[in-house]
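The values are calculated or read from the model by the stated rules, or taken from the named source; none is laboratory data. Quick caveat: nothing in here was measured; it's all calculated off a predicted structure. Using ideal geometry, Cβ is built from the backbone for each residue, glycine included, and neighbour counts are taken over all protein chains shown. Just the protein is used for accessible areas: all its heavy atoms, side chains included, with ligands, DNA and RNA removed. Shrake-Rupley method; radii C 1.70, N 1.55, O 1.52, S 1.80 Å.
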Amino acid sequence: MKRKIVSALVCAAMVATMVAGCGSSDSAATTTDATEETTDDAAADDAAAADDTAASGDVITIGFAQVGHESDWRTASTQSCQDVFSTENGYDLQFVDCDNDSAVQLEAVRGFIEQDVDYIIIDPIVSTGWDTVLTECEDAGIPVIVIDRTIDDSDKYVSWVGSNFNTEGLAAGEWLKAYAEAKNIDELNILVIEGSTGASATIGRTEGFKEIADREGWTILDSQSGDFTQDGGQEVMESYCKSYEGQFNVVICQNDNEAFGAMDAMTAAGVSYGVDGDVILVSFDACTAGLEFVMSGDINADFECNPLAAPFVEEVIQTIEAGGTPEKEVYMEEHWFVNEDILTSITVDGAEQALTVVTQEVVDAQY
Ligand code: GZL
């Protein structure tokens, strides 16, 4: 699909999008290169590139192979891309919801190659099995940008924009250690509801949290996948309430939708959870609905994973359009949210990181 002619006004809108930054959660991205331009410089360069695109009158066609529609986080991620890569902003976005099916995702990417799009964005359902199709993209001269989850068996992509999932897991572990000490809880018996099997978000959060659990001598009674869905979280938690009745005092859910399901299951089983309950409930993503449950005290702590990558992906594309070389890795900034103010910060990998007590203002500002 070759580029089409558009008015200069349409592409100028791209400038407004880039300068506006990443939206309500005031997140930003950091690159791995300390000599990187400031955001303002980059936006100015990108604005110049947008002008050039406007002058050339081209629409940029993008193929986006999205994981699916399994969670509130995913919905926000999709919306971020659709908002940025809109017709008004000078793009033609070919979007495929791969419904958590890796075969469908590989087929979608090959379809984009057939369509001869200008760029391909992939949020990889699983982190392996990618080198062959990425080689096909490279042979077709189509740059690939990976967002969110990582591809671990190939580096044939121009940039990755996402989160450090291992750090998220470490942060949850360090918070739990400090929280238990503050609450004089001596013994932690933990149940984990993992995300989708093979997803780098699952792998990173599991490994990071387990590193702290092993260091502290905690007992992880069980760790099963809830597939990042509310139904999955409820199903696993129902099983846990039967198999581990009276044995656990911590539940770690690797995303908010699993936590919503786990809450329903524990309520049905007569298990109390949250700030005033018998079970400490920890979640990841920190979507708006998740933060509402942190504010109510049902969820003790929620570790953010920022879904608003699209503005930073656009900067990658505009850098390439301007003849530049984008950063290989762009990390999203994230926050750790809690209900109680008994702790103000935690130390993760030697770095002090602030804890944010959730108020209505915090909820209203979230993605
Ligand atoms: C993490 C992302 C995960 C979210 C889930 O970056 O891939 O997938 O944590 C989503 O909500 O389903």
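Just a few scattered comments:
- Residues of the range 61-101 satisfying the condition of being open to solvent by 40 Å² or more (accessible area, probe 1.4 Å), of a type in the set (S, T, Y) and within 16 Å of the ligand (Cβ to nearest atom): T75
- From the options A309, A286, residue that is at positive phi and within 13 Å of the ligand (Cβ to nearest atom): A286
- Being closer than 21 Å to I203 by Cα, under 22 Å from the mean Cα position of the chain (by Cα) and in a helix (DSSP H, G or I) is a description that applies to A103.
- When each of E187, E181, E168 is tested for being free of Cβ contacts under 8 Å to residues at least 40 places away in the same chain and either closer than 24 Å to L343 by Cα or out of contact with any strand residue (DSSP E or B) (no Cβ under 8 Å at 6 or more places or on another chain) (or both), the lone residue that passes is E181.
- Members of the range 318-340 found to be surrounded by fewer than 17 Cβ atoms within 10 Å (Cβ to Cβ) and either modelled with pLDDT under 95 or touching a Leu at 6+ places or on another chain (Cβ under 7 Å) (or both), listed by number: E333
- Selection of the range 187-229 for residues being in contact with an Asp or Glu (Cβ under 6 Å, 6 or more places away or on another chain), in a strand (DSSP E or B) and within 14 Å of the ligand (Cβ to nearest atom) yields I193, S225.
- Residues within the range 105-114 that are closer than 24 Å to G232 by Cβ and away from the ligand (no atom under 16 Å from the Cβ), tallied: 2
A quick yes/no check of all residues on (1) surrounded by fewer than 23 Cβ atoms within 10 Å (Cβ to Cβ); (2) over 17 Å from the mean Cα position of the chain (by Cα); (3) at pLDDT 95 or above:
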position	(1), (2), (3)
A182	yes, yes, yes
I185	yes, yes, yes
N189	yes, yes, yes
V192	no, yes, yes
G195	no, no, yes
I212	yes, yes, yes
E216	yes, yes, yes
I220	yes, yes, yes
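- Checked across the range 309-317, the condition of being touching a residue at least 12 places away in the same chain (Cβ under 8 Å), open to solvent by less than 60 Å² (accessible area, probe 1.4 Å) and over 19 Å from the mean Cα position of the chain (by Cα) holds for at least one residue.
- The one condition in (1) farther than 19 Å from V236 by Cα; (2) free of Cβ contacts under 8 Å to residues at least 40 places away in the same chain; (3) assigned to a helix (DSSP H, G or I) that T267 fails to fulfil: (1)
- Qualifying residue in the range 104-119 (condition: of a type in the set (V, I, T), open to solvent by less than 10 Å² (accessible area, probe 1.4 Å) and over 28 Å from G195 (Cα atoms)): yes
- Once the range 254-277 is narrowed to residues that are among the charged types (D, E, K, R) and open to solvent by 50 Å² or more (accessible area, probe 1.4 Å), the residue that is farthest from the ligand (Cβ to nearest atom) is D276.
- Taken as a whole, the range 296-306 holds no residue that is without any contact (Cβ under 8 Å) to a residue 12 or more places away in the chain and of a type in the set (D, E, K, R).
- Residues of the range 313-348 satisfying the condition of being out of contact with any helix residue (DSSP H, G or I) (no Cβ under 6 Å at 6 or more places or on another chain) and closer than 27 Å to V282 by Cα: Y331, M332, E333, E334, H335, V338, E340, D341, T344, S345, T347
- V251, sole failed condition from (1) buried (at least 20 other Cβ atoms within 10 Å of the Cβ); (2) farther than 15 Å from L281 by Cα: (2)
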